[in-house]
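Have a look at the structure below before the remarks.
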Amino acid sequence: MSSDIIPLSVPNLQGNELKYVQETIQQEWVSTAGTFISDFERELAGYVGTQGAVAVQNGTSGLHTALEVLGVEKNDEVIVPTMTFIAAVNPVSYCDAHPIFMDCDDTFGLDAVKLQRFLDNECYMESGQVYNMRTGRPIKAIVVVHIFGNMSNMPSIMEIADNYNISVIEDATEALGTYYTSGGFKGAFAGTIGTIGVYSFNGNKIMTTGGGGMIVSDQSSILERARYLTTQAKNDGLYYTHDEVGYNYRMTNVQAALGLAQLEQIEKFIHTKRENFNKYLEKLNNLPDVHLLPFNDQTRPNYWFYPLWIGEENREDFIEFANNRSVQTRPVWSLIHEQKPYQKAQTYQIEQAFKYQRNIVNIPCSTNLTSDQLDKVVDVITQFVAK
């Protein structure tokens, strides 16, 4: 990307990244073994407050592993949001299971009211397992995605899931560092409330390992199973015996070295994200027809992305207008239930997702965004509104 373009979200590598990576090279531990992996797992688990963590290649492999650990298999069903990145849904297909697409609420996350309605009116319980009336298939899990660093309505979702004996996978790939500041889950981080949580360290996330992800849980049996599956389901390290099919999902020591250095700076990153978000709020406050959408007021969000309500009639024109002025913006992903692989999948009362998908554009939010760059973004938005 040209240096004069203001990017949407890029890494900030100003800490101990080079030092730690050099150590991996000097030690010649650059593959899927080495002390940085275990150190990163321990420090990440300590940061979010879980019993342990398992480092993986990316968030997608973490979600796939989570489904496998929970026993999701062929012809099972999994409730998923439609407004998300497709990587939150594809792992359901990897398991030969079937997604059921749910609407979002004003947190951008899965709508708990419609989730309750669907389970009450469209499903039945038998021997402690909930089944879909339409298909007769068991519903094994709910994937909750915390969009843009916002927190979904976890108190309601967890109560519903407990009542119906359904496991919850938290896709917190965009929400590392977000936590509740009030209510029954006060102090609980995104990714730590459900049965299993998954984080991503892709290049555009609030902290990065280039690629990479992490599985977290408070259940030792889940962590052990996840570690087993992600290291090729190896029973014997000398003779390489395997009792089942596993996966080559282990993070490398080089990635973990980057991750450890990034994690040391996570609170600084969130502070910067919050300050820049508030500057945008102040500078855009008096503009008509556009506004930044708020985060869940019961949380300390990580402010990963800044969703700007621009209006459906203006969205495409604004993206082109900003791009022509070297400001990168991005619309919300196309809804997953409308994507070709999932057009025949079951959906339930999807309404709000269309509104957000068609009216939101994300604006530059990197932690190394300068004041001059932020002012230029504001100026571009102001010019567009005035034209």
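Just so you know, all these numbers are worked out from the coordinates, no wet-lab data involved. The structure presented is a predicted model; accordingly, all values stated were derived computationally and were not measured. For neighbour counting, all protein chains shown are included, and Cβ atoms are generated from backbone atoms with ideal geometry for every residue, glycine included.
Once you list every other residue whose beta carbon is under 15 Å from the beta carbon of Gln27, what net charge do they have if Lys and Arg are +1 and Asp and Glu are -1?
-2
Just need log10 I(q)/I(0) for the chain at q = 0.07, 0.12 Å⁻¹, Debye formula, equal scatterers on the alpha-carbon atoms, no solvent, rounded to two decimals.
-0.32, -0.94
To the nearest 0.05, how large is the calculated FRET efficiency for Met133 and Val245 if R₀ is 25 Å and r is the Cβ-Cβ distance?
E(calc), rounded to 0.05, equals 0.15.
Can you tell which of Ile25, Ile142, Met125 lies farthest toward the positive end of the dipole of the chain, using +1 and -1 charges on the Cβ of basic and acidic side chains (Lys, Arg; Asp, Glu)?
Going by the charge dipole, the pick is Ile25.
To the nearest Å, what is the center-to-center distance of the range 123-184 and the range 294-344, using C-alpha atoms only?
Here the answer is 24 Å between Cα centres.
Does anything in the range 368-387 have its amide N under 16 Å from the 7 Å Cα→Cβ label point of Glu313, and if so which residues?
Output list for this probe position: 385-387.
Would you please give the residues with an amide H less than 5 Å from that of Val130, counting only those at least 5 places away or on a separate chain, with H modeled from the backbone geometry?
Answer set, sorted by chain and number: Ile139.
Going by amide H atoms built from the backbone, whose H comes under 5 Å of the H on Gly213, apart from near neighbours?
Val56, Gln57, Asn58, Phe201
How far apart, in nm, are the 7 Å Cα→Cβ label points at Glu338 and Asn235?
Between Glu338 and Asn235, the simple spin-label model gives 5.0 nm.
For the range 337-352, just list the computed ³J(HN,Hα) in residue order, Karplus coefficients 6.51, -1.76 and 1.60, θ = phi - 60°, integers in Hz, with x standing in for Gly and Pro.
Coupling constants for the range 337-352: 5, 8, 6, 3, x, 10, 5, 9, 6, 6, 10, 9, 6, 7, 9, 4 Hz.
Between Val113 and Lys279, what's the calculated FRET efficiency when r is the beta-carbon distance and R0 is 25 Å? Round to 0.05.
0.15
Taking the Cα centre of the chain as origin and charging only Cβ (+1 Lys, Arg; -1 Asp, Glu), how large is the dipole, in debye to the nearest 20?
Dipole of the chain, to the nearest 20 debye: 340 debye.
Any chance you could list the semi-axes, whole Å, largest first, of the equivalent ellipsoid that the Cα gyration tensor gives for the range 58-106, using √(5λ)?
18, 13, 8
Determine, from the Cβ-Cβ distance of Gln352 and Gln219 and an R0 of 35 Å, the FRET efficiency 1/(1 + (r/R0)^6), rounded to the nearest 0.05.
It comes to 0.60.
Cut-off 12 Å, label point 7 angstrom out along Cα-to-Cβ of Leu13: give me the residues of the range 20-42 whose amide nitrogen falls inside.
Taking a point 7 Å out along Cα→Cβ of Leu13, the residues of the range 20-42 whose backbone N falls under 12 Å are 20-22.
Ranked from highest to lowest mean number of other Cβ atoms within 10 Å per residue, what is the order of the peptides 260-268, 364-372, 337-345?
Ranked from most to least packed, the peptides come out as 260-268, 364-372, 337-345.
What relative contact order, as a whole-number percentage, does the chain give when Cα pairs under 8 Å and 6 or more residues apart are counted?
Once normalised by length, the contact order is 24 percent.
Sorted by packing (mean other beta-carbon atoms within 10 Å per residue), highest first, where do 312-319, 197-204, 25-32, 8-15 land?
The most tightly packed comes first, giving 197-204, 8-15, 312-319, 25-32.
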